[in-house]
Amino acid sequence: MVEKIEQLPSGNIHTLSLLVENKPAVLQRIAGLFARRGYNIESLAVGPTERPEYSRMTVVVRLTQRPVEQAIRQLQKLIPVIEVKELSPNDKIERELVLIKIKTPEKNHAELRAIADTYEAQIVDVSPDALMIEATGTAAKLDALEERLAVFGITELCRSGAIALERGFKTLAPPHLKEG
Amino acid sequence: MPSEKMTGAQAVIRALELEEVDWIFGMPGGTILPIYDALFASEKLKHVLIRHEQVGGHAAEGYAHATGKVGVCMGTSGPGSTNLVTPIADAYMDSVPLVVITANVATSLIGSDAFQEADITGITMPVTKHNYLVTEPGDIPRVMKEAFHLARTGRPGPVHVDIPKDVLNLTLDFEYPSEVRIPGYMPRLKEEPKVAEAATLIRSATRPVIYLGGGVRTGNAFAEVFEFCELVGAPVVTTLHGKGAFPETHPSCLGMFGMHGSRYANYTVQGADLLIALGARFDDRVTGKLSTFAPEAKIVHLDIDPAEISKLVTATVPLVGDVKELLPKLGAAVRKAFDERGRPDLAPWWKKISDWREKHPLRIRQEGEKYILPQTAVHRIWQKCDGRAIVTTGVGEHQMWAAQFWKVSKPREFITSGGLGTMGVCLPFAIGIQLARPDALVVGIDGDGSFQMTLQDLATAVEHELPIKIFVLNNLFLGMVRQWQELFYDRRFSETPLADLPDLVKLAEAYKCLGLRARTLEELDPVIDQALAHQGGPCIVDIRVKRQEKVYPMVPAGAPLNDMIGGE
């Protein structure tokens, strides 16, 4: 009996790096593909690259049923997608940015500064009854910071979603785009 | 080519001429008027005024199916464009090369909910291979070039180009690019297909089956497939779109397998130790319950679309590539393996298959039956056409009877809607096929439900004097749905009887077609003869068939392929 259907343990998280054409509606195409093929997007961050005609997307997906290769092949079929690659946990630098606003009396500010220092975070806005902290790092580090600040009551929070690049000299661009 | 000043609309028409389009299927409207005005001046392009954009889209599909060329259709903004969504989705599911051109409201109006505005590129995005909203007139030549290139290369599919009205009216310097450069659509360096590995599997298999899909047709690989099948000597089964990929009159061919395939074809697939899938995608209508599909078989899967490999069934040896190019290489490797290590003995396997074929044939139980059986009608039409017709169908029971009893021996001669299962395609497909192949005998096998979805375009067929013959297997039911109600919903026929069907003979006459009717077996043959002899315009034949007849055998949805009901 040949096992033909691949079952994955639930909640496999993958970081995909995409090089795409910087054109209108490309984000819609990619997000739409994930939605209708049943892939769950955890986060999606996008911005222009060193070459303005291309954008880079970092998509963190949670796959419960299908192997990540399927998602990659479907993405590669999209015409504006130049290359897609899964970044392996050991071979990537991944970062996220968070802004956290805390409504708190001035007397707590010193303690919050100390916490921010521990997490290499910055205080970016201070008013008599509130302050805002900016931090970057891995998702796990930001989760920890959030947890630590929760006792003060988080008023508002905004996370960017992960961006990631491969370590070392490798690049995502396929051979036919590398020359020149 | 020196550049030339012209409007966006003229550029669209010029591009269509340069792509050697002959027929365009469409309907004008306020927004697309600039293109129609430019078309008026074209001496090369021929236009078919259809009565509903959906029909235009399907007719373009029929044209593409019959020729392998790109079908072209047009519609205006808003409803003109949304009416095209069904054929676009149909073409996407069946990999039909199509270029769809729509106009949109002027750029200054886009997003304002203007009259006849629709975000049609947003709507068609999930059902096109690619689509474009052109906002710069200077982009039109490149976009048109890319659209045709994308539609016809790789895994073919529909490409949609939407152009706002003001962009159609602006002037540009027309220069048609000689080549296409799309960074995301260039061949990626992949590992060499493991042809030798596949050949080893084929050499060692004692119960191989060759499974042909629509990719053989889209890849124009009939000769290559025939040679390969002869070499391997394995039984050949096909999907609905694989019909004609290998002659069904050939003794190796077991015909269609799957939900309404024959018992012997399904038993053969389930008993295989190797499946060689060529240009096929393991659709649920052929696999039945996936976890029980061909349980002992290793899989060699050849497909041009890497995303189809191991999408549903894991390939033991994947072969990504063009079937026309790659299959001869596989054949050579197989021949080498046979020469070196001898052919496997397939005689016991063929013995088993012959027993199944003898014990469970596709039968027509007309004898002693008062009414015309739909299977009899299909079989008689097929006999009288002497295998020289291109047949097309709607979607429903009649489609499956046609698939079971119309033996196709040549490629592109069985044309139907598979993946999307679009009712109403028979007449539009027939229009497109007949225009593409004016000398061919074009026969439609339709159902009464399917026919009523697009019958207004009889007018189009009459206008172009198309001698298409549409045989309506009339059971006064939405038959396939009724069959499911009978089998799985305790015979509760909720909204499936088609009461008050119009008199199809009078309806045909009202449209200036020949209308014929057969109620009894005695009337059937003469009516078929009369229809086939009719020239100068369409003929509609109302064949009253037994109302209760069902399509058997049948694999209930979600059941294993060899767990079939009926048709014993």
message: Among the residues of region B:233-253, what is the count of those that are crowded, with 24+ Cβ neighbours inside 10 Å and outside any loop (DSSP other than H, G, I, E, B)?
response: 3
- prompt: Would you pick out the residues in region B:343-371 that are within 23 Å of B:ARG544 (Cβ to Cβ) and open to solvent by 70 Å² or more (accessible area, probe 1.4 Å)?
  reply: B:ARG363, B:ARG365, B:GLU367, B:GLY368, B:LYS370, B:TYR371
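Residue by residue, here is whether (1) outside the structural domain of A:PHE34 (by the TED database); (2) among the acidic types (Asp, Glu) holds:
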position: A:GLN65; (1), (2): no, no
position: A:VAL68; (1), (2): no, no
position: A:LYS101; (1), (2): yes, no
position: A:GLU106; (1), (2): yes, yes
field: Any chance A:THR155 is more than 18 Å from A:ARG56 (Cα to Cα), assigned to a strand (DSSP E or B) and either in contact with an Asp or Glu (Cβ under 9 Å, 6 or more places away or on another chain) or within 14 Å of chain B (Cβ to nearest Cβ) (or both)
entry: no
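Going residue by residue through region A:89-103, is there one that turns out to be within 14 Å of chain B (Cβ to nearest Cβ) and surrounded by 15 or more Cβ atoms within 10 Å (Cβ to Cβ)?
As a first pass, look at region A:89-103 and keep what is within 14 Å of chain B (Cβ to nearest Cβ): none.
Scanning region A:89-103, I find no residue that is within 14 Å of chain B (Cβ to nearest Cβ) and surrounded by 15 or more Cβ atoms within 10 Å (Cβ to Cβ), so the answer is no.
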- prompt: Do you know which residues across region A:63-82 are within 17 Å of A:LEU27 (Cα to Cα) and more than 8 Å from chain B (Cβ to nearest Cβ)?
  reply: A:ALA71, A:ILE72, A:LEU75
- line: Every listed condition ((1) at pLDDT 95 or above; (2) over 19 Å from B:ALA118 (Cα atoms)) holds for B:THR86 save (2)
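Take region B:428-448 and flag every residue that is part of a helix (DSSP H, G or I) and either under 12 Å from B:PRO538 (Cβ atoms) or open to solvent by 10 Å² or more (accessible area, probe 1.4 Å) (or both).
From region B:428-448, those part of a helix (DSSP H, G or I) are B:428-436, B:448; that's our starting set.
Scanning region B:428-448 gives B:ALA430, B:ILE431, B:GLN434, B:LEU435, B:ALA436.
Based on this model, can you work out whether B:VAL180 counts as under 25 Å from B:ASP139 (Cβ atoms), touching a Lys or Arg at 6+ places or on another chain (Cβ under 8 Å), within 14 Å of another protein chain (Cβ to nearest Cβ) and part of a loop (DSSP other than H, G, I, E, B)?
Answer is yes for this residue.
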From the options B:VAL408, B:VAL425, B:VAL505, B:VAL481, residue that is touching a Gly at 6+ places or on another chain (Cβ under 7 Å) and surrounded by fewer than 24 Cβ atoms within 10 Å (Cβ to Cβ): B:VAL505
statement: The condition of being in contact (Cβ under 8 Å) with a residue 12 or more places away in the chain and more than 30 Å from B:PRO156 (Cα to Cα) holds, among B:LYS324, B:LYS329, B:LYS352, B:LYS311, only for B:LYS352
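Report whether or not B:ARG203 is more than 14 Å from every other protein chain (Cβ to nearest Cβ), in contact with a Lys or Arg (Cβ under 9 Å, 6 or more places away or on another chain) and among the basic types (Lys, Arg).
Spelling it out, B:ARG203 is indeed more than 14 Å from every other protein chain (Cβ to nearest Cβ), in contact with a Lys or Arg (Cβ under 9 Å, 6 or more places away or on another chain) and among the basic types (Lys, Arg).
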message: Going residue by residue through region B:331-353, is there one that turns out to be touching a strand residue (DSSP E or B) at 6+ places or on another chain (Cβ under 8 Å) and under 26 Å from B:ALA151 (Cα atoms)?
response: no
- prompt: Among the residues of region A:124-134, is there at least one that is part of a strand (DSSP E or B), under 30 Å from B:MET186 (Cα atoms) and either open to solvent by 50 Å² or more (accessible area, probe 1.4 Å) or away from every other protein chain (no Cβ under 14 Å) (or both)?
  reply: no
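Inspect all residues belonging to region A:42-50 and state whether any of them is within 14 Å of another protein chain (Cβ to nearest Cβ), open to solvent by less than 60 Å² (accessible area, probe 1.4 Å), assigned to a helix (DSSP H, G or I) and not basic (Lys, Arg).
Within region A:42-50, the subset within 14 Å of another protein chain (Cβ to nearest Cβ) is A:49.
Now drop any that are not open to solvent by less than 60 Å² (accessible area, probe 1.4 Å), which leaves A:49.
Now narrow it down to the ones that are assigned to a helix (DSSP H, G or I): none.
No: region A:42-50 contains no residue that is within 14 Å of another protein chain (Cβ to nearest Cβ), open to solvent by less than 60 Å² (accessible area, probe 1.4 Å), assigned to a helix (DSSP H, G or I) and not basic (Lys, Arg).
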task: Among the residues of region B:43-54, count how many are over 23 Å from the mean Cα position of the chain (by Cα) and open to solvent by 20 Å² or more (accessible area, probe 1.4 Å).
output: 3
- request: Identify all residues within region B:510-539 that are open to solvent by less than 70 Å² (accessible area, probe 1.4 Å) and assigned to a loop (DSSP other than H, G, I, E, B); write none if there are none.
  value: B:TYR511, B:CYS513, B:THR520, B:HIS534, B:GLY536, B:GLY537, B:PRO538
task: Looking for whichever is away from chain A (no Cβ under 14 Å), closer than 30 Å to B:ALA245 by Cα and in a loop (DSSP other than H, G, I, E, B) here; the options are B:VAL72, B:VAL96. Which one fits?
output: B:VAL96
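Counting residues that are open to solvent by 30 Å² or more (accessible area, probe 1.4 Å) and within 14 Å of another protein chain (Cβ to nearest Cβ), which strands (runs of 3 or more DSSP E) fully inside region B:254-342 reach at least 2? Write out each step before concluding.
Working: elements: B:274-278, B:298-303, B:317-320.
Output list reads B:317-320.
Can you work out which of the residues in region A:51-88 that are β-branched (Val, Ile, Thr) and not in a strand (DSSP E or B) is surrounded by the fewest Cβ atoms within 10 Å (Cβ to Cβ)? Don't jump to the end; show me each part of the working.
If we filter region A:51-88 for residues that are β-branched (Val, Ile, Thr), which is where we start, we get A:58-61, A:64, A:68, A:72, A:79, A:81-82, A:84.
In the following step, the residues that additionally are not in a strand (DSSP E or B) were identified as A:64, A:68, A:72, A:79.
Details: A:THR64: 13, A:VAL68: 17, A:ILE72: 19, A:ILE79: 22.
By that ranking, first place goes to A:THR64.
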statement: Selection over region B:489-527 where residues are over 26 Å from B:LEU458 (Cα atoms) and either modelled with pLDDT under 95 or among the acidic types (Asp, Glu) (or both) yields a count of 3
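In region B:125-145, how many are part of a helix (DSSP H, G or I), open to solvent by less than 20 Å² (accessible area, probe 1.4 Å) and free of Cβ contacts under 8 Å to residues at least 40 places away in the same chain? Before you say what the answer is, go through the steps one by one.
If we filter region B:125-145 for residues that are part of a helix (DSSP H, G or I), which is where we start, we get B:125-127, B:137-145.
Checking the rest, the ones that are also open to solvent by less than 20 Å² (accessible area, probe 1.4 Å) come to B:137, B:140-141, B:143-144.
Pick out the ones that are also free of Cβ contacts under 8 Å to residues at least 40 places away in the same chain and you get B:143.
Of the residues in region B:125-145, 1 are part of a helix (DSSP H, G or I), open to solvent by less than 20 Å² (accessible area, probe 1.4 Å) and free of Cβ contacts under 8 Å to residues at least 40 places away in the same chain.
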statement: Residue pairs within 8 Å by beta carbon, gap of at least six or interchain, first lying in region A:31-57 and within 25 Å of B:GLU308 (Cα to Cα), second polar (S, T, N, Q) and part of a strand (DSSP E or B), listed first then second, are A:PHE34/A:ASN40; A:MET57/A:SER17
task: Go through the residues of region B:155-175 one by one and say whether even a single one is open to solvent by 40 Å² or more (accessible area, probe 1.4 Å) and closer than 30 Å to B:ALA307 by Cβ.
output: yes
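The values are calculated or read from the model by the stated rules, or taken from the named source; none is laboratory data. For clarity, every value in this text was computed on a predicted model and none was experimentally measured. Quick reminder, even Gly has a Cβ in these numbers, built from the backbone with ideal geometry, and neighbours come from all protein chains shown. SASA here: full protein model, heavy atoms, side chains in, ligands and nucleic acids out. Shrake-Rupley method; radii C 1.70, N 1.55, O 1.52, S 1.80 Å.
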